[in-house]
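This report refers to the structure that appears directly beneath it.
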Amino acid sequence: MQVNLLKQKTEAIFESFKEKFENVTTDEKKIDITLPGEPMSEGALHPLSIIRNRIIEIFSAVGFTVSDGPEIEDDWHNFTALNFPEEHPARDMQDTFFIRKNPDLALRTHTSSVQVRIMEKHKPPLRTISPGRVYRNEAISARAHCFFHQVEGLYIDKDVSFADLKQTLLYFAREMFGADTEIRLRPSYFPFTEPSAEMDISCNFCKGEGCNICKYTGWVEILGCGMIDPAVLDNCKIDSNVYSGFAFGMGIERITMLVYKINDLRIFSENDVRFLKQFSGIG
């Protein structure tokens, strides 16, 4: 019945157009409606999307799933569960965009909040990455913006060690930047990991010889990482006496700038067609 009604309506529309074009005047017939339309330019993925997809592809190959969460977060998921003390500077108005009508809510400052939600809802083993947009109250410059994109990774299981973290990140670096890429881990501090480290890669501009990009050190910092603090596991009702894990986080803009040799972060959000056209056919 529905098919017959559709057929009748289609035939009625066709006859209506047929009658219209058969009765046009001589001047109107000068327009050849059978000519092809104006060509439409092909779009292309944004460079950040290209690199985001590549990061997902690399980690998916070794068993990581992709998880997502809200961009407006409460204090528990954004700070407290991740072992941020109440006096931590990241909680200040100078660093975080709080919601005026509800100071317990804020635009998330990292996608670690998604990891907390995953740990609360699922039991180990867990292996996931969380890509997404984050917000921080920073002055906009060639190296910083008030919003940017992150990918954070989480792996929890029995007997997970720092060696697992190192080999996972070495695999990522070589898949992303080339098989000859080397990594370097430097001690650092994050509230939610212990021990913590910053990871550098050998400069892909000068191949480690030294240039202005790497400040003539031969190394470029790309991410932070570490073993998950037992307090974070306990906050999420995961027994830290049984399970251990590692976490890492990187800025997608940072990786994109290194891959495509882009020197100004602001251009990613300026919608300059001349810039975006360069990525047609990539990815």
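Derivation of every value follows stated rules applied to the coordinates shown; laboratory data play no part. Keep in mind it's a predicted model, so treat the numbers as computed, not measured. Heads up, the Cβs are rebuilt from the backbone with ideal geometry, glycines too, and the neighbour counts pull from every protein chain shown.
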Give the residue, chosen from Ala179, Ala247, that is of a type outside the set (Lys, Arg), touching a Cys at 6+ places or on another chain (Cβ under 8 Å) and not in a helix (DSSP H, G or I).
Ala247
Is there a residue in segment 102-110 that is among the polar types (S, T, N, Q), under 19 Å from the mean Cα position of the chain (by Cα) and either assigned to a loop (DSSP other than H, G, I, E, B) or closer than 24 Å to Ile51 by Cβ (or both)?
yes
Identity of the residue in segment 94-106, surrounded by fewer than 20 Cβ atoms within 10 Å (Cβ to Cβ) and hydrophobic (A, V, I, L, M, F, W, C), that ends up farthest from Leu169 (Cα to Cα):
Ile99
Name the one entry in Met227, Met199 that is in contact with a strand residue (DSSP E or B) (Cβ under 6 Å, 6 or more places away or on another chain), of a type in the set (A, V, I, L, M) and either more than 26 Å from Ile58 (Cα to Cα) or in contact (Cβ under 8 Å) with a residue 60 or more places away in the chain (or both).
Met227
State yes or no: is Tyr155 under 18 Å from Ala81 (Cα atoms), surrounded by fewer than 17 Cβ atoms within 10 Å (Cβ to Cβ) and within 24 Å of the chain's Cα centre (by Cα)?
no
Determine whether Glu138 is assigned to a loop (DSSP other than H, G, I, E, B) and of a type outside the set (Gly, Ala, Ser).
yes
Out of (1) in a loop (DSSP other than H, G, I, E, B); (2) acidic (Asp, Glu); (3) in contact with a Lys or Arg (Cβ under 6 Å, 6 or more places away or on another chain), what's the single condition that is false for Glu73?
(1)
Before we move on, is Ile118 outside any strand (DSSP E or B), farther than 24 Å from Arg266 by Cα and of a type in the set (A, V, I, L, M)?
yes
Just to check your reading of the model, which residue among Asp180, Asp264 is more than 21 Å from Pro85 (Cβ to Cβ) and within 22 Å of the chain's Cα centre (by Cα)?
Asp264
